[in-house]
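Following: one structure in structure tokens, then a few remarks.
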Amino acid sequence: MTIRQADLKDLNACVLMDTSYSTRRVWQIRTDGRPYEEIAITFQTIKLPRSVRASSPRDSDHLIEDWQRGECFLVAEEDEEIQGYLNMVVQPRDASGWIRDVTVARRYRRHGVGSELLRAAFRWARDLGLRAILLETQTKNYPAICFCRKHGFVFCGFNDHYYPNQDIAIFFSRSV
């Protein structure tokens, strides 16, 4: 497998890649406390009664815009087939990279493609002198949450008005 910067012909394969996932677990948010005095927020992994299928809350238009920025848009390729991609934009004010997408084609999931893309993104970030990498996912994307935690990312926040479809976004970060 080769990890490289995406070129224009790769973009179509990335746009067409299936971003859906299935899960039986989600992170459920619970808030407790007295208004104006204290608030406690807890995320708890819960098991659903049956598996659910979901997709990315974003449309693919942002991929074209991000690719045009010419920053970190990597593809994993083998035998001239794109197996996955990682899209990261730079936040210069914070000296950080923001991973907007990590997507692996369904038949290559759980084969290390995402991990290789992530390692390449960290090398790219180090070379650029970035201090941290952040990423976000939905609370219902338990496979992505597990992937983040497996790779040393730590929970650093949430936004319950982040996605257009009203899913809750949770944020993870890791030092470069």
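Throughout, read-outs are computed from the coordinates displayed, never taken from laboratory work. No experiment lies behind these values; they were computed from the predicted model shown. In this analysis, Cβ positions are derived from the backbone assuming ideal geometry, glycine residues included, and neighbour counts consider all displayed protein chains.
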**Request:** Excluding residues fewer than 8 places away in the same chain, name every one of the aspartates and glutamates whose C-alpha is closer than 16 Å to that of LYS150.
**Result:** GLU116, GLU136
**Request:** Could you pull out every one of the lysines with an alpha carbon less than 19 Å from that of LYS47, ignoring same-chain neighbours closer than 8 positions?
**Result:** LYS140
**Item:** Label-point separation, LYS150 to SER55 (7 Å along Cα→Cβ), nm
**Value:** 2.5
**Gain upon complete extension [ILE46, ARG110; 0.36 nm per residue less C-alpha separation]** = 20.8 nm
**Message:** I need the peptides 24-36, 136-148, 5-17 ranked by packing, meaning the mean over residues of other C-beta atoms within 10 angstrom, with the highest value on top.
**Reply:** 136-148, 5-17, 24-36
**Prompt:** In whole Hz, what ³J(HN,Hα) sequence does the stretch 112-128 give by Karplus (6.51, -1.76, 1.60; θ = phi - 60°), x for Gly and Pro?
**Reply:** x, 5, x, 5, 5, 4, 5, 4, 5, 5, 5, 4, 4, 5, 4, 4, 8
**Item:** Relative contact order of the chain, pairs being alpha-carbon contacts under 8 Å that are 6 or more residues apart, as %
**Value:** 21
**Prompt:** With a ≥ b ≥ c the root eigenvalues of the C-alpha gyration tensor of the stretch 1-70, is it rounded (a/c under 1.5), prolate (a/b larger than b/c) or oblate?
**Reply:** prolate
**Fill in**
Expected max-MSF residue from ILE41, ILE133, ILE82 in the GNM of the chain (alpha carbon, under 10 Å) is ILE41
**Asked** If you rank ASP127, ASP94 by fewest surrounding Cβ atoms within 10 Å, what's the result?
**Response** ASP127, ASP94
**Prompt:** What percent do you get for the relative contact order of the stretch 10-79 when only Cα pairs under 8 Å and 6+ apart count?
**Reply:** 34
**Request:** Between GLU81 and ARG119, take the C-beta separation as r, use R0 = 30 Å, and let me know the FRET efficiency to the nearest 0.05.
**Result:** 0.90
**Percent antiparallel among DSSP beta bridges (both partners in the stretch 43-153, rounded to 5)** = 80
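Just from its helices, what would the mean residue ellipticity at 222 nm be for the chain, if runs of 4 or more DSSP H residues each count -39500 (n - 2.57) and the sum is divided by every residue, rounded to the nearest 500 deg cm²/dmol? Working shown, then result.
Numbers: 4 runs with 43 residues, N = 176.
Mean residue ellipticity at 222 nm (helix-derived): -7500 deg cm²/dmol.
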**Asked** When the Karplus curve 6.51 cos²θ - 1.76 cosθ + 1.60 is applied with θ = phi - 60°, which whole-Hz ³J(HN,Hα) does each residue of the stretch 5-13 get, with x for Gly and Pro?
**Response** 5, 6, 10, 4, 5, 6, 4, 4, 4
**Request:** Just need log10 I(q)/I(0) for the stretch 108-176 at q = 0.19 Å⁻¹, Debye formula, equal scatterers on the alpha-carbon atoms, no solvent, rounded to two decimals.
**Result:** -0.81
